[in-house]
Amino acid sequence: MNDLRTLWQGTFEMWQNGEFGEIYAQYNHRKLYFLNGTQLFVSHRPIIGNTTLYSYCGPATGEWIIQLKSFATGLKVATIWIYSINPLEDLKDFSKEEQLTLVIELADEEQIIWKKVGDKTRNMIRKGSKMGVSVELAETEDQFSDWWRIYSDITQTKGFGRQNHFLVKELFLRKNLSKLFVSIKEDKIIGGSFFLVNKYPIYWLGAFDRAYGNVAPGHINIWEAMLHFKKNAYLLMDLGGIASDKHQDGITTFKKSLTREVQKGYIYVVPINHLKRRILEFLSKARR
């Protein structure tokens, strides 16, 4: 069996994929830079200029952090946002937040994976199958559009932040970078799960029509996605971030019903340009 602690490289490891990085930067209006082979993303605002430098899954060495700070100072950013799967001793004096992620070991036999899924979840998967829900790997733009309408409605209703439509569609068209699994009942798409795919699949977006909640379209969808990735020799699936036990939400509960294998990452916030940082904080408060 593979050791997840060495195989898993972080929920944001996809952000070091060159093709993905160019698309992500383009549609999020960020500038893409490189520091010793590591991709960095910089947000920008009119008049103020560069605001935040984002570093995902970069080297965790002290020397690299020194270089990163120097690079950020040269770009005149207000802040560096650093994601690392290891705690960084060189940044121990700065703000740190734990990022919890759930992963599923796919190297196990299918029966073992099935047994690791909770009893209630197994029943939901069986229920979806008995109620006539099937799962397909979306191939056409029409399938994407049907799913996107469900996703858009849910983000609007729940008040969630919505990803850029053009970004997600462009990624959908790049079959090497993503996979969209759609749940279908009576020839109608009733939801789907959107995965980013690099060294392993990462659950990125999910949306299911609430009118069909009684047929469990989400549980069977993820299960079929797991089987697909397993058959295609992926060793693990990353279910993405979850809330802490103190702040449980529906998405976290859903993900925990599929696995209990928790991995930790860390987010550090490092001030660089204090004046610009204070200006941004003032503008943020003014908008409230």
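The values are calculated or read from the model by the stated rules, or taken from the named source; none is laboratory data. Because the structure is a prediction, the values reported are computed rather than measured. With ideal geometry, Cβ positions are generated from the backbone for all residues, glycine too; neighbour counts draw on all protein chains shown.
Assorted remarks:
- Any pair with Cβ under 9 angstrom, 6 or more apart, that starts in segment 226-244 at a residue that is assigned by TED's automatic domain parsing to the domain that holds V197 and ends at one that is surrounded by fewer than 16 Cβ atoms within 10 Å (Cβ to Cβ) and assigned to a strand (DSSP E or B): H228/L137
- Filtered residue count, segment 217-263, keeping only those that are among the charged types (D, E, K, R), surrounded by 12 or more Cβ atoms within 10 Å (Cβ to Cβ) and either within 24 Å of F160 (Cα to Cα) or in contact with a Pro (Cβ under 6 Å, 6 or more places away or on another chain) (or both): 3
- In segment 167-195, residue surrounded by the fewest Cβ atoms within 10 Å (Cβ to Cβ) [restricted to those that are under 15 Å from the mean Cα position of the chain (by Cα) and in contact (Cβ under 8 Å) with a residue 60 or more places away in the chain]: L167
- Among (1) under 18 Å from F208 (Cα atoms); (2) within 21 Å of the chain's Cα centre (by Cα); (3) exposed (fewer than 15 other Cβ atoms within 10 Å of the Cβ), the one test that T155 misses: (3)
- Taking the conditions (1) touching a Phe, Trp or Tyr at 6+ places or on another chain (Cβ under 8 Å); (2) surrounded by 18 or more Cβ atoms within 10 Å (Cβ to Cβ); (3) assigned by TED's automatic domain parsing to the domain that holds A78 in turn, I272 satisfies each one other than (1).
- Residues in segment 235-286 that are within 21 Å of the chain's Cα centre (by Cα), hydrophobic (A, V, I, L, M, F, W, C) and in a strand (DSSP E or B): L236, M237, L239, I242, V262, I267, V269.
- Residue match in segment 23-37 (condition: in a helix (DSSP H, G or I), in contact (Cβ under 8 Å) with a residue 60 or more places away in the chain and of a type in the set (S, T, Y)): yes
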